[in-house]
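Scroll down for the structure; my scribbles are underneath it.
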Amino acid sequence: MELYRKFFKRLFDIILSFLALPFFLILLVVLVPIIYFSDNGSIFYNAPRLGRDGKVFKMYKFRSMKVNSPDLRNEDGSTFNGESDPRLTKFGKFLRKSSIDEIPQIINVIKGDMSIIGPRPDLPEHKKLYNNNEKRKLEVRPGITGLNQAYYRNAIAWKKRIANDIKYIDELSFILDIKIINFNYSFW
């Protein structure tokens, strides 16, 4: 397990990212005009997020919300991203529901900021809300998808998601990553 965590997981990420890169470029050509003409805004949404060891990085997404949308939060301080989000463009609803808005994070994986599978990255200000054990979430690179996204989507509270992230870190293995990828693939 330690060899996978320290070496093979990164190799796995690089190989999958480079295999996905041509599909990302094709999607880019198709989606750029649709996103732009939905409300004449930028194509990408770039947001600061917490990475491994608490390092802040810029996470890339296709923009799914209307230009100048307000920042909405859930009661627990996590970012609101429900299906009924009034800030979404019509096309943005599709991007969000299908998770296509996350595909530009392949660039984050290639850069080494993220992994294909791992805990989803939190906002930088959330670091001060972690208890001592929850800080363990920062032991690994955050992922494009992970245990919570595969099995729960956004249906559980933020603190429960963090507990699941710690469970993922404790059980991290090639087999677990394959199960998460397989579940996500079958979800589509």
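The values are calculated or read from the model by the stated rules, or taken from the named source; none is laboratory data. Everything quoted here is computed from the prediction, not taken from an experiment. Neighbour counts run over all protein chains shown; Cβ positions are idealised from the backbone, glycine included. With ligands, DNA and RNA removed, areas are computed over all heavy atoms of the protein, side chains included. Shrake-Rupley method; radii C 1.70, N 1.55, O 1.52, S 1.80 Å.
Look through 86, 48, 22 and report the one residue that is open to solvent by 50 Å² or more (accessible area, probe 1.4 Å) and assigned to a helix (DSSP H, G or I).
Criteria check complete, one pass: 22.
What residue, of 31, 25, is out of contact with any strand residue (DSSP E or B) (no Cβ under 8 Å at 6 or more places or on another chain) and on the phi < 0 side of the Ramachandran plot?
25
Take the stretch 152-171 and flag every residue that is assigned to a helix (DSSP H, G or I) and more than 24 Å from residue 8 (Cα to Cα).
Within the stretch 152-171, 158, 159, 160, 161, 162, 163 qualify.
May I ask you to list the residues in the stretch 133-182 that are within 23 Å of residue 46 (Cβ to Cβ), at pLDDT 95 or above and open to solvent by 50 Å² or more (accessible area, probe 1.4 Å)?
If the condition is that a residue be within 23 Å of residue 46 (Cβ to Cβ), at pLDDT 95 or above and open to solvent by 50 Å² or more (accessible area, probe 1.4 Å), then 141 is the only one that fits.
What are the residues in the stretch 113-132 that are free of Cβ contacts under 8 Å to residues at least 60 places away in the same chain and open to solvent by 10 Å² or more (accessible area, probe 1.4 Å), if any?
Scanning the stretch 113-132 gives 120, 125, 128, 129, 130, 131, 132.
Please go through the stretch 51-66 and give me each residue that is closer than 24 Å to residue 27 by Cα and in a loop (DSSP other than H, G, I, E, B), ordered by number.
Answer for the stretch 51-66, where residues must be closer than 24 Å to residue 27 by Cα and in a loop (DSSP other than H, G, I, E, B): 63, 64, 66.
Please work out if residue 106 is more than 30 Å from residue 160 (Cβ to Cβ) and at pLDDT 95 or above.
Judged against the criteria, residue 106 is not a match.
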